[in-house]
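Peer 1: First the structure, which I've put down as structure tokens, then a few questions once you've had a look.
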Amino acid sequence: MGIEDEPRWEVFVRGGAADLEINGQFDSDFKPFGAVGVRGAFYDGRRFGWGLVVQGTYFGRFSSNGFSIRNMWQAEAGLPFQTRLGPAIFYAGPVVFGNQAKLQNNAGAERNINEDRNFGGFGGIAVDLGSLRLEAEAQYRTEFSGGGFVSFRF
């Protein structure tokens, strides 16, 4: 229960698995990741809303073709605009981000790597089913990526 005319804000924790492919030369299997963040609405009307999402993510170690990527982290802030149609929520907006990882070869030589730019966009669809939420999202940063997840609220 809350104040009905006040926008909603929530803290979230995510866990899952991600794969990593870079220019067709590095292709790793799924590795675990963890994320924590906050999201909320500055305005959440009956059909339209806009807000903020801030998230930090840490990924497991990826390996492929004699190289490994480790200590990979990412911080991002997005400004989503959304519209509702029944239980479906369609959203999109710009995102700014920073990330870094260490690339290491079999000989032990390593260097820091990050993406070419720090600005992109995202969009997706979420279906709210009470305490269960199904979501699919695409992002454009240096390249396109996509994913999906299931959320349980308690």
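Peer 1: Count charges around I69 for me, please; just the other residues with Cβ under 15 Å from its Cβ, Lys/Arg as +1, Asp/Glu as -1. Walk me through the numbers before you get to the answer.
Peer 2: Details: positive: K31, R61, R70, K102, R111; negative: D19, E21, D27, D29, E110, E115.
Residues near I69 contribute -1 overall.
Peer 1: Given a cut-off of under 8 Å on Cα pairs at least six residues apart, what relative contact order in percent is computed for region 45-154? Spell out each step's value before the answer.
Peer 2: On the way: 248 pairs, mean separation 20.8, N = 110.
Relative contact order for region 45-154 comes out at 19 percent.
Peer 1: Another question, then. Can you give me the % of accessible surface on the chain that is carbon or sulfur? Probe 1.4 Å, all protein chains present, nothing else counted. Kindly include the intermediate steps, with their values, before the conclusion.
Peer 2: Values: 5860 of 9900 Å².
Result for the chain: 59 percent of the exposed heavy-atom area is carbon or sulfur.
Peer 1: Taking the chain as a Gaussian network, where each spring joins two C-alpha atoms under 10 Å apart, which residue of E115, E143, E135 fluctuates the most?
Peer 2: It is E143.
Peer 1: If you don't mind, another one. How do the peptides 39-47, 146-154 rank, highest first, by the average count of neighbouring beta carbon atoms within 10 Å per residue?
Peer 2: Values: 39-47: 12.3, 146-154: 9.9.
Most protected by this proxy first, the peptides run 39-47, 146-154.
Peer 1: What number comes out for the charge environment of E21, summing +1 per Lys or Arg and -1 per Asp or Glu over other residues with Cβ under 11 Å away?
Peer 2: Working: positive: none; negative: D19, D27, D29, E143.
Once positives and negatives cancel, what remains is -4.
Peer 1: Next question. Hey, in the GNM for the chain with a 10 angstrom Cα cutoff, which one of I89, I69, I22 fluctuates hardest?
Peer 2: Of the options given, I22 has the highest mean-square fluctuation.
Peer 1: Using the Cα centre of the chain as the reference point, and only Cβ charges (+1 on K/R, -1 on D/E), how large is the resulting charge dipole? Debye, rounded to the nearest 20.
Peer 2: Numbers: 15 positive and 17 negative charges, 34 e Å.
That gives the chain a dipole magnitude of about 160 debye.
Peer 1: Same structure again: In Å², and per residue, what accessible area does region 53-132 have when probed at 1.4 Å with the other protein chains present? Don't jump to the answer; show the numbers that get you there.
Peer 2: On the way: 4260 Å² over 80 residues.
Averaged over the residues of region 53-132, the accessible area is 53 Å².
Peer 1: How much accessible surface area, in Å² rounded to 10, belongs to the heavy atoms of L129 with a 1.4 Å probe?
Peer 2: Approximately 90 Å² for this residue.
Peer 1: Between region 7-22 and region 137-154, how many Å separate their Cα centres?
Peer 2: Taking the Cα centre of each part, region 7-22 and region 137-154 sit 8 Å apart.
Peer 1: Taking springs between alpha-carbon atoms closer than 10 angstrom, which of F97, F30, F81 fluctuates most in the Gaussian network model of the chain?
Peer 2: Greatest mean-square fluctuation among the candidates belongs to F30.
The values are calculated or read from the model by the stated rules, or taken from the named source; none is laboratory data. Please read all numbers here as calculations on a predicted model, not as lab measurements. Ideal geometry is used to build each Cβ from the backbone, glycine not excepted, and the neighbour counts take in all protein chains shown. For the accessible areas, the whole protein counts, side chains as well, though only heavy atoms, and no ligand, DNA or RNA atoms are used. Shrake-Rupley method; radii C 1.70, N 1.55, O 1.52, S 1.80 Å.
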